[in-house]
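Single-structure report; data block below.
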Amino acid sequence: MAKNYGDMGHLMKRAQKMQADLRRLQDELKDRVVEGKAGGDAVIAYANGAQELLQLKIDPDAVDLDDIEELEDLVVAAVRAALEEAKRMADAETGRITGGMGGMGGMPFGL
């Protein structure tokens, strides 16, 4: 029976290490930047691994005052692409730490 407690202790240590690694990763992801583009390079959105939009660049040639709707669509597409790339990066890094578990019972870890 004592062996079961040892196994539980080992499991708890592993869980604590994983939680610490995930917290560290969360901090690191804030410093990693990805980009999403639309209309070639007409609109470029930059986001970090925490899925926060950091910057938006718009080529002045992409601005047509008679067709603002097209520019709006390009902005949305670039932001969406950047945030999707940030999520893919975060998911890949998180999976590396969790071994693909994704969280307890499919639920994300509360960090």
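Throughout, read-outs are computed from the coordinates displayed, never taken from laboratory work. Keep in mind that what you see is a predicted model, and the values were worked out from it rather than measured.
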Original post:
Could you state the number of Å between the C-alpha centres of segment 44-69 and segment 18-32?
Top reply: 27
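Got the relative contact order for segment 2-98 handy, in percent, Cα pairs under 8 Å and 6 or more residues apart? Before the final figure, lay out each step's value.
Working: 122 pairs, mean separation 28.5, N = 97.
Relative contact order of segment 2-98: 29 percent.
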